[in-house]
Amino acid sequence: MIRLHRFLRAAAACCAALCLTALVGCVTQNTKPGPPKYEQVDKRPVPPFMRGTLYEITNLQNDNPFLVSGWGLVVNLAATGGSDQMPNTLKAYMAKELERRGFGSQLMPGYQDISPESVLRDRNNAVVAVYGWLPPGARKGDWFDVVVKAEGEATSLARGTLYDTELTINGADPIRPTQKVNVWATSYGPVFVNPAVALHFTQNADAATKKSLRTGAILAGGQVMADRPLLLRLRQPENRLSRNIEMRVNEYFHQDKVCTAYDLGYCQLWVPKSYNGDWEHFSKLVLHLYVNGSEAFGRAKARELIEEAEKPGAPLQDISYCLEGLGNYALPAIGPVLADPTTPTDVRFALARAAAYIDGPSNAAERVLHDIAQTPGSAFRLAAVQVLGRVPNSRRVNALLRDLLDADQTTVRLEAYSILARNGDAAVESRVICSAREPTNQKFVLDFVHSHGEPLIYATRSGVPRIAIFGEVPEITLPLTFGAMDNHLMISSAAVGRDVTLFYRDAQLRQPIQMSSPPGVADIVARLAGQIDDGTGQLDFTYAEVLAILQGLSDQHKLRVTRATGEEVAAAFMIQEVPLVRDAIDTAPLLDRGRPQGGEAPRIDAPATQPQVGQAEGGAVNTAAAP
C-alpha cells in the first residue's frame with residue numbers, strides 16, 4: 001500500500017509537470033509578438049537647415065481632391081429636357097427620390113397632384129449627373145463649384161436650376177444609383193453654361209454646341225457637409241512623438257484642435273477657418289515647423305536661415321516657410337535684410353512673404369510686397385499681390401491694394417480687386433442683381449471698382465458670380481443694331497435721344513417685351529437680368545446669357561468710355577479663365593531652385609488602419625474613405 005501510494009504521488013507530480021510545460025508552451029506561443037502596426041521608415045533626407053522639421057519626420061497624406069457625385073433634377077428648362085431615354089434603374093431611383101421629397105403626397109399642399117412620373121416626363125425638367133471635387137482639408141460649410149451633365153434626351157441645360165442634390169462617393173453610378181454611404185456635400189443653384197454657346201437655340205446649333213449645352217456648372221453651388229482632415233503619417237511611428245507633434249502644432253496656431261494625435265502613426269490636421277480654404281499654405285507651413293519651439297532655438301535658427309538665403313541657388317521657398325514657422329523670433333533677423341536696397345529681388349520676396357504672414361507691427365514687409373507688385377517686369381508681381389491678400393485683413397493692407405487697381409498689368413489689377421471685394425473694402429461698391437419679380441433669385445453681384453486705369457469689364461466663372469466694372473461705367477456706342485439668339489433679342493438705338501431699346505420675343509411669351517434703357521452698361525445689365533420692370537414687361541436672362549451679350553457687344557467694339565477730354569476709349573471685356581490662374585506664390589521663378597538633397601521621398605501608402613478621411617473632431621469616424 002505504501003509503495004502504491006508513492007507511485008500515485010509520483011504519477012500526479014509527473015502529470016502536473018506535463019500540464020505546466022504544456023501551459024507554458026501555450027502562453028509562449030500566444031504571446032509571440034505579431035507584425036508591427038506601421039512600417040518604420042528612415043527620416044526624409046533634407047538639407048541641414050531643415051533638420052528637426054516635421055517635413056523630415058512625416059509624410060502629408062489625404063492631400064488630393066476626391067470625387068463626389070449624385071443624381072439630381074434640373075428644372076425650369078425651356079422645353080429642352082426629358083427623361084424617357086434613361087435606364088430603368090435610374091428612372092426608378094429618381095421616382096423614389098421625388099416621392100421621398102413629397103411629390104404626389106397628400107400631406108404636401110400643392111404637390112399632391114404632381115406625381116414623380118409626371119415630373120420626369122416633363123420636357124422642362126432633366127435628370128443630371130452632378131460631380132464635384134471635394135478639396136483637401138475642406139471644412140463643413142465651405143463652398144465649391146460642381147459640374148452637371150444631362151442624362152437621357154435632354155438637349156440643353158441653359159436657364160435651368162438644380163434641385164438640392166446629395167453628393168456621395170460613387171453617387172452617380174447608373175447601375176446602383178441607390179447605394180449611398182456618407183453624404184459629403186450637397187449642391188443646388190442655377191446652371192451656368194458656357195457663355196460662348198449660351199445664346200444658341202438648340203434646334204439650329206451644330207453638334208459641338210449641342211454637346212456643350214448638355215453640360216453646365218453650379219458656381220459655388222456645392223457645400224461641404226463634413227470636415228475632411230489632412231493627415232500626417234509619422235515615418236517612425238511612436239505615441240510620444242505623435243503627441244509632441246500635436247502639442248507643437250497647436251501651440252503655434254494658438255488653437256487646441258488644429259492638430260489631433262490619432263494614434264502612434266497618424267496626426268490629423270484641421271485647416272483653420274482663418275485660412276479661407278487655403279490648405280496648401282497651411283500644410284506647407286505645418287511641414288516646415290521645427291519640433292523645437294523655444295525662443296533661443298528660434299532666434300539662432302533665424303540667423304542661420306538668413307545666411308542660407310543669401311547663398312547662390314538657395315531653396316528660397318523652403319527657407320521662407322521655415323522662417324514663417326519660427327514666428328516672431330524671425331523678425332529681428334529679417335528686418336535688416338529687407339531694409340537693404342542691394343538685396344536681390346527673389347530674396348526680398350521670400351523674406352517679405354514670411355514676415356507678412358507673421359504680421360509684424362512695422363508693416364515693412366507689406367510695403368516691400370507692394371513695391372514688388374508695382375515694379376514693371378518683375379516676375380514676382382502677381383505673387384506679391386496674392387500674399388497681401390492672405391495676410392490678416394486690415395486697413396493698411398487694403399490701402400496698399402487700392403494702389404494696385406491702377407497697375408499696368410491686368411492680372412495684378414484683377415487680383416487686387418478680388419481681394420478687396422472679399423474684404424468688403426470701400427474701393428469696391430457691390431450691388432446684388434436679382435429678379436424684380438422674385439427678389440430671392442439673386443443672379444450675380446455687380447461691382448463698381450474705383451480705378452483710374454484703363455477701362456475694363458471683368459466677369460468670374462468660378463466661385464460667386466460677379467461682374468466688375470473698373471473705373472467709369474462704359475456706355476454703348478451709338479448708333480447700334482445688335483442681334484442675338486437668332487434675332488429673338490435686339491438691342492438698337494432709340495429713334496429719339498440717347499436711350500437704347502431692348503426687344504425680346506419668345507414662343508413662351510404672350511407678347512414681345514420692349515423696354516427703353518440708358519446706354520450705360522450697368523443699366524443694360526440690370527434690365528437684362530430682370531431687376532428693372534418699367535411696366536412693359538420684365539426680361540429674365542441668366543448670368544451666362546448676360547456675359548454672352550456683353551461679349552457680343554465687345555466683339556463689335558460697342559463698349560466705350562468717354563474721357564473728360566472728349567476722347568473715346570474702348571473698354572475691354574474679360575471672362576475669368578478656366579482652369580484658374582495658377583497660384584503664383586509657390587510657382588514664382590527661382591523659388592523652387594535647389595530642392596532638398598535626395599529629392600522627394602517616395603510616397604508611403606497608408607495601411608488599413610489609417611484613420612478615415614472624414615473623422616470628425618469629436619471622434620466619430622465616417623466609414624467611407626476617399627479614393
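Filtering the stretch 296-316 for residues that are in a helix (DSSP H, G or I), under 28 Å from N423 (Cα atoms) and at pLDDT 95 or above leaves an empty set.
Of the residues in the stretch 161-168, not one is surrounded by fewer than 21 Cβ atoms within 10 Å (Cβ to Cβ), on the phi < 0 side of the Ramachandran plot, in a loop (DSSP other than H, G, I, E, B) and in contact with a Phe, Trp or Tyr (Cβ under 6 Å, 6 or more places away or on another chain). Per this entry, R348 is counted among residues that are of a type in the set (K, R) and within 30 Å of L305 (Cα to Cα).
Scanning the stretch 273-288 for residues that are part of a loop (DSSP other than H, G, I, E, B) and touching a helix residue (DSSP H, G or I) at 6+ places or on another chain (Cβ under 6 Å) yields a count of 1.
In the stretch 71-100, the qualifying residues are those that are of a type in the set (D, E, K, R) and crowded, with 16+ Cβ neighbours inside 10 Å, and the one that is farthest from S212 (Cα to Cα) is E97.
Residues of the stretch 474-492 that are closer than 20 Å to A529 by Cα and either surrounded by 15 or more Cβ atoms within 10 Å (Cβ to Cβ) or in contact (Cβ under 8 Å) with a residue 24 or more places away in the chain (or both): P474, E475, I476, F482, A484, M485, D486, H488, L489, M490, I491, S492.
So which strands (runs of 3 or more DSSP E) are wholly in the stretch 407-503 and hold at least 1 residues that are among the β-branched types (V, I, T) and out of contact with any Asp or Glu (no Cβ under 9 Å at 6 or more places or on another chain)? Outline the logic, then answer.
Working: elements: 428-434, 442-449, 456-459, 466-470, 481-484, 489-493.
Ranges flagged: 428-434, 442-449, 456-459, 481-484, 489-493.
Per-residue answers, yes or no, for (1) in contact (Cβ under 8 Å) with a residue 24 or more places away in the chain; (2) under 29 Å from the mean Cα position of the chain (by Cα):
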| position | (1), (2) |
| --- | --- |
| R498 | no, no |
| L502 | yes, no |
| Q514 | no, no |
| G520 | yes, no |
| I524 | yes, no |
| L528 | yes, no |
| A544 | yes, yes |
| I549 | yes, yes |
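For the stretch 125-160: of the residues being of a type in the set (D, E, K, R) and in a loop (DSSP other than H, G, I, E, B), which is surrounded by the most Cβ atoms within 10 Å (Cβ to Cβ)? Restricting to residues being of a type in the set (D, E, K, R) and in a loop (DSSP other than H, G, I, E, B), the top hit is E151. Candidates in the stretch 364-406 are the residues that are of a type in the set (S, T, N, Q) and part of a loop (DSSP other than H, G, I, E, B); of these, the one that is surrounded by the most Cβ atoms within 10 Å (Cβ to Cβ) is S378.
The values are calculated or read from the model by the stated rules, or taken from the named source; none is laboratory data. Computed from a predicted structure; not experimentally measured. All Cβ positions, glycine included, derive from the backbone under ideal geometry; neighbour counts span all protein chains shown.
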